[in-house]
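Chemist: Dumping the structure here so I can ask a few things about it.
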Amino acid sequence: MNIIFLGAPGAGKGTQAEKVSAHCGIPTISTGAIIRTAIKTGTPMGLAAKAYAESGALVPDEIVIGIIKERLAEDDCKKGFILDGFPRTVVQAEALDRMGVRIDLVISIEVRDEVIVDRMSGRRCCEKCGASYHVKFNPSKDGVTCDKDGTVLSLRKDDKPEVVKERLETYHKQTEPIKAYYEAAGKLQTVDGEVSVDDVTAAVYSVIDGIH
Ligand code: ADP
Ligand code: ADP
């Protein structure tokens, strides 16, 4: 099954994608995580993306479409995949269609902006595996290191309140129109993202079960 998770920054896409990935045995592809790794290691793509990502703007479509094209061609995507953070513009959604990539389901996790701002200040991430925790709502076992690989958790540079504000604006202007695109294709399902992590997961599974 090929699934897209859509939603504002901090809506819980990564958290839910990780659970569905483990449950269904399919990989999650996070363009944000790929971009952060490229920035950290200083690849040419990372250098080109850095200023956009760190200011809360979108990285240009052609760069991100290139990343996805390469990643989807890998073997582990053959049995299905989850896209977390892609597409983020209608141009990117159209590019997926043009590549002949079949999408079974688009799950939009709905969270209001005021709730997002609170969530982001408490987000803690594992730079190694990309897992995302929250100091209050979804802490790691010891509150300091990643449950999976023991890496010390850190704050993302772009989770600062002023950058989060920019990212939310970017989301409403450039990403939200994708909902109409997938609604017209009969693929869009929305879930309430303002309930507990487990309750969101239950809603996500029920939407996935609905398409079998
Ligand atoms: P979030 O947790 O806010 O959803 P991501 O980790 O998905 O954030 O993305 C972080 C940043 O990486 C974005 O603000 C943007 O600069 C860049 N990025 C990630 N995915 C895309 C995409 N599909 N198109 C353009 N830029 C992207
Ligand atoms: P996204 O991938 O959409 O940017 P994340 O999955 O990283 O979002 O979640 C953003 C932050 O909110 C993280 O700190 C995460 O632990 C927390 N979080 C995710 N889902 C919920 C929820 N349902 N209730 C409260 N906090 C949540």
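Chemist: Would you check which residues across the range 22-43 are under 23 Å from Val135 (Cα atoms) and of a type in the set (Gly, Ala, Ser) and list them?
Modeler: Within the range 22-43, Ala22, Ser30, Gly32, Ala33 meet the criteria.
Chemist: Going through the range 92-134 one residue at a time, which ones are open to solvent by 60 Å² or more (accessible area, probe 1.4 Å), modelled with pLDDT of 95 or more and closer than 22 Å to Asp192 by Cα?
Modeler: Glu110, Arg112
Chemist: Going through the range 54-80 one residue at a time, which ones are open to solvent by less than 40 Å² (accessible area, probe 1.4 Å), away from ligand 2 (no atom under 16 Å from the Cβ) and among the small types (Gly, Ala, Ser)?
Modeler: Answer for the range 54-80, where residues must be open to solvent by less than 40 Å² (accessible area, probe 1.4 Å), away from ligand 2 (no atom under 16 Å from the Cβ) and among the small types (Gly, Ala, Ser): Gly66, Gly80.
Chemist: Read through the list (1) closer than 20 Å to Ala93 by Cα; (2) out of contact with any Asp or Glu (no Cβ under 8 Å at 6 or more places or on another chain); (3) within 16 Å of ligand 1 (Cβ to nearest atom), then give the number of the only condition that Val197 fails.
Modeler: Val197 satisfies every listed condition except (1).
Chemist: Provide a single number: the residues in the range 25-45 that are within 10 Å of ligand 1 (Cβ to nearest atom) and among the basic types (Lys, Arg).
Modeler: Total satisfying the criteria: 1.
Chemist: Return a yes/no flag: does the range 43-53 have any residue that is in contact (Cβ under 8 Å) with a residue 40 or more places away in the chain and open to solvent by 50 Å² or more (accessible area, probe 1.4 Å).
Modeler: The initial filter retains those residues of the range 43-53 that are in contact (Cβ under 8 Å) with a residue 40 or more places away in the chain, namely 53.
Now narrow it down to the ones that are open to solvent by 50 Å² or more (accessible area, probe 1.4 Å): none.
Within the range 43-53, not a single residue is in contact (Cβ under 8 Å) with a residue 40 or more places away in the chain and open to solvent by 50 Å² or more (accessible area, probe 1.4 Å).
Chemist: Next question, about the same structure. Looking at the structure I just gave you, is Ala22 near ligand 1 (Cβ under 7 Å from one of its atoms) and open to solvent by 30 Å² or more (accessible area, probe 1.4 Å)? Before you say what the answer is, go through the steps one by one.
Modeler: Numbers: near ligand 1 (Cβ under 7 Å from one of its atoms): no; open to solvent by 30 Å² or more (accessible area, probe 1.4 Å): yes.
Answer is no for this residue.
Chemist: Sticking with this one: Counting just the residues of the range 162-187 that are touching a Pro at 6+ places or on another chain (Cβ under 8 Å) and under 15 Å from Arg119 (Cα atoms), which one comes out most open to solvent (accessible area, probe 1.4 Å)?
Modeler: Looking at residues that are touching a Pro at 6+ places or on another chain (Cβ under 8 Å) and under 15 Å from Arg119 (Cα atoms), I get Arg167.
Chemist: If I ask for residues that are within 20 Å of Asn2 (Cβ to Cβ), open to solvent by less than 60 Å² (accessible area, probe 1.4 Å) and not in a helix (DSSP H, G or I), which ones from the range 188-212 would you list?
Modeler: Matches in the range 188-212: Leu188, Val191.
Chemist: Criterion first (within 16 Å of Ile4 (Cα to Cα), assigned to a helix (DSSP H, G or I) and of a type in the set (A, V, I, L, M, F, W, C)) does Ala95 satisfy it?
Modeler: Details: within 16 Å of Ile4 (Cα to Cα): yes; assigned to a helix (DSSP H, G or I): yes; of a type in the set (A, V, I, L, M, F, W, C): yes.
In short, yes.
Chemist: Let me ask something else. Kindly provide the set of residues from the range 1-19 that are under 15 Å from the mean Cα position of the chain (by Cα) and more than 8 Å from ligand 1 (Cβ to nearest atom), ordered by number. Explain how you work it out, then say what you get.
Modeler: From the range 1-19, those under 15 Å from the mean Cα position of the chain (by Cα) are 2-19; that's our starting set.
Across the range 1-19, the qualifying residues are Asn2, Ile3, Ile4, Phe5, Leu6, Gly12, Thr15, Gln16, Ala17, Glu18, Lys19.
Chemist: Scan the range 147-161 residue by residue and report those that are part of a helix (DSSP H, G or I), open to solvent by 50 Å² or more (accessible area, probe 1.4 Å) and within 9 Å of Met120 (Cβ to Cβ). Before the answer, list the steps.
Modeler: Initial filter on the range 147-161 (part of a helix (DSSP H, G or I)): 157-159, 161.
Filter once more, keeping what is open to solvent by 50 Å² or more (accessible area, probe 1.4 Å): 157, 161.
Correct list: Pro161 only.
Chemist: Another question about this same structure. Kindly list, by first and then second residue, each pair from a residue in the range 24-40 that is outside any helix (DSSP H, G or I) and modelled with pLDDT under 95 to a residue that is of a type in the set (S, T, N, Q) and within 16 Å of ligand 2 (Cβ to nearest atom), limited to pairs with Cβ atoms under 9 Å and residues at least 6 apart or on different chains.
Modeler: none
The values are calculated or read from the model by the stated rules, or taken from the named source; none is laboratory data. From a predicted model like this one, the values you see are computed outputs, not experimental measurements. In this analysis, Cβ positions are derived from the backbone assuming ideal geometry, glycine residues included, and neighbour counts consider all displayed protein chains. Just so you know, the surface numbers come from the protein's heavy atoms only, side chains and all, with ligands and any DNA or RNA stripped out. Shrake-Rupley method; radii C 1.70, N 1.55, O 1.52, S 1.80 Å.
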